[in-house]
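A short reminder: the numbers here are calculations on the coordinates, not readings from a lab. Predicted model, so just to flag it, every value in this text is computed and none were measured. Counting neighbours? That spans all protein chains shown, and the Cβs are built from the backbone with ideal geometry, glycine included.
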Amino acid sequence: MLTVLVEVHVVAEGVQAFREASEKNARASRREPGIARFDVLQRKDDATRFVLIEVYRDAQAPAAHKETAHYLAWRDAVAPLMASPRVRHEYDDLVPG
């Protein structure tokens, strides 16, 4: 298992559009065979900050995810909403829940 956390900062006027695009992407991503979990979190104290939690079944699944129509649509929809570039961190899942 591979867990990826993606930190996202969007412009204030883009929060709702980012939420809608990300919720749609997350629902579709959860149906991919290589994805075990896909969560979208929004910070309580700063609505412009989000974290995506993506749990993949193997090391090849992230690349497969990035080729899907729903990911490509999400990427293009949220690009103009970014206040800064996304930050991606990979983690080994030592004690899966």
The stretch 67-97 - residue that is closer than 15 Å to LEU5 by Cα and of a type in the set (Lys, Arg) and, of those, surrounded by the most Cβ atoms within 10 Å (Cβ to Cβ):
ARG86
Might you check whether a residue that is part of a strand (DSSP E or B) and acidic (Asp, Glu) occurs anywhere in the stretch 3-24?
yes
Would you please list the contacts, defined by Cβ atoms under 7 Å and residues six or more apart or on different chains, that run from a residue in the stretch 38-50 that is among the polar types (S, T, N, Q) to a residue that is exposed (fewer than 14 other Cβ atoms within 10 Å of the Cβ)?
THR48/ALA12; THR48/ALA83
For the stretch 68-97, which residues satisfy the criterion of being farther than 13 Å from ALA28 by Cβ and part of a loop (DSSP other than H, G, I, E, B)?
ALA83, SER84, PRO85, ARG86, ASP93, LEU94, VAL95, PRO96, GLY97
Can you name every residue in the stretch 7-48 that is of a type outside the set (Ser, Thr, Tyr), within 26 Å of LEU94 (Cβ to Cβ) and in contact with a His (Cβ under 8 Å, 6 or more places away or on another chain)?
GLU7, GLU32, GLY34, ILE35
For the stretch 64-89, the count of residues that are without any contact (Cβ under 8 Å) to a residue 60 or more places away in the chain and among the charged types (D, E, K, R) equals 4
Within the stretch 8-43, which residues are exposed (fewer than 15 other Cβ atoms within 10 Å of the Cβ) and within 19 Å of PRO85 (Cβ to Cβ)?
VAL11, ALA12, GLU13, LEU41, ARG43
Would you pick out the residues in the stretch 30-56 that are touching a Lys or Arg at 6+ places or on another chain (Cβ under 6 Å), among the small types (Gly, Ala, Ser) and part of a loop (DSSP other than H, G, I, E, B)?
GLY34
